[in-house]
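The values are calculated or read from the model by the stated rules, or taken from the named source; none is laboratory data. Given the structure is predicted, the values throughout are model-derived calculations rather than measurements. Using ideal geometry, Cβ is built from the backbone for each residue, glycine included, and neighbour counts are taken over all protein chains shown.
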Amino acid sequence: MGHIAKIMELVGDSPTSWQDAVENAVREANRTIDNITGVEVTNWTARVAKGQVVDYKVDVKIAVGVQPDR
């Protein structure tokens with residue numbers, strides 16, 4: 001039998017890095033969602049102020065494993 005996953009789209013942010021933004025999105029999702037099995041980053045953006053990156057943002061798709069109805 002194959003695996004089934006539900007996909008949820010979220011936005012993560014961080015003042016330090018894109019990696020931290022991804023980890024923040026997964027960490028926050030994990031607080032209320034069980035069985036997260038993967039993450040895909042679909043977009044990377046940043047806010048710039050006075051020539052410096054001040055906020056990193058990522059759009060992510062979180063995969064959640066589900067059991068098919070029997």
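Scanning the stretch 14-35 for residues that are surrounded by 12 or more Cβ atoms within 10 Å (Cβ to Cβ) and at pLDDT below 95 yields a total of 2.
Residue count for the stretch 43-70 satisfying the condition of being among the polar types (S, T, N, Q) and touching a residue at least 24 places away in the same chain (Cβ under 8 Å): 1.
Summed over the stretch 10-33, the residues that are in contact (Cβ under 8 Å) with a residue 24 or more places away in the chain and either basic (Lys, Arg) or closer than 16 Å to VAL66 by Cα (or both) give a count of 2. Residues considered: VAL39, VAL48. Of these, the only one that is exposed (fewer than 13 other Cβ atoms within 10 Å of the Cβ) and aliphatic (A, V, I, L, M) is VAL48.
Just give me the residues in the stretch 39-70 being small (Gly, Ala, Ser) and at pLDDT 95 or above, in sequence order. Listed by number, the residues that qualify are ALA46, ALA49, GLY51, ALA63.
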